Amino acid sequence: MGSGPSGFTGVSAKTTEEAEALFKRAIQTADREQQDSEHKVRNIFISFHADDEAQVQLLRAQAKREGTNLEFRDYSIKEPIEQWRTEVREKIANTSATVVMIGPETANRPNVLYEIEQSYLQGKKVIGVRIYRDRNDPIPEPMLRNKAPIVNWDLKEIQAELDKS
């Protein structure tokens, strides 16, 4: 019948050179897409008590300096509370996860609790980051109820926990 080992009996419209060039372009495109996905910045909502803002700024700077793909966003209250609530729901919707910076007063802050609840309502991953390793500051109740992972302040630990499904 004249078919080769593959059983194909038709005639290809492509020359060998055209087929090789097409294959190389497909491989290059796949490589670029993989590199792009590895370098995409993850938009992370960060929830914290205002008294811990200096530590949050340090975390942001550390993430940039160490070249992570994490971009921490906070939306501190700067407008009336009802307007803030609407805006924070929208901001959380545009992020992939929520990181809660856990300090001495975090568990008692109504706005932090609201941000955590909104994150869960929107199906976002929520993780806690202990600001102080040598302390056992209380975990916010919604995080306890949902068995949120709690990690130490270490960018590799934070990244690894965010990467889990």
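Yes or no: A148 in contact (Cβ under 8 Å) with a residue 12 or more places away in the chain, of a type in the set (A, V, I, L, M), farther than 18 Å from R42 by Cα and in contact with a Gly (Cβ under 8 Å, 6 or more places away or on another chain)?
Working: in contact (Cβ under 8 Å) with a residue 12 or more places away in the chain: yes; of a type in the set (A, V, I, L, M): yes; farther than 18 Å from R42 by Cα: yes; in contact with a Gly (Cβ under 8 Å, 6 or more places away or on another chain): yes.
Yes.
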The lone exception for G123 - which of (1) under 17 Å from R89 (Cα atoms); (2) touching a strand residue (DSSP E or B) at 6+ places or on another chain (Cβ under 8 Å) it fails: (2)
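Search region 138-159 for residues being under 19 Å from Y114 (Cα atoms) and not aliphatic (A, V, I, L, M), and hand back the single one that is surrounded by the most Cβ atoms within 10 Å (Cβ to Cβ).
Filtering first and then ranking leaves P140.
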Cβ pairs under 8 Å, 6+ apart, first in region 52-66 and over 14 Å from Q159 (Cβ atoms), second at pLDDT below 85: E53/S76; V56/F72; V56/D74; R60/F72
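The values are calculated or read from the model by the stated rules, or taken from the named source; none is laboratory data. Here the structure is a predicted model, which means the values were calculated and not measured. Quick reminder, even Gly has a Cβ in these numbers, built from the backbone with ideal geometry, and neighbours come from all protein chains shown.
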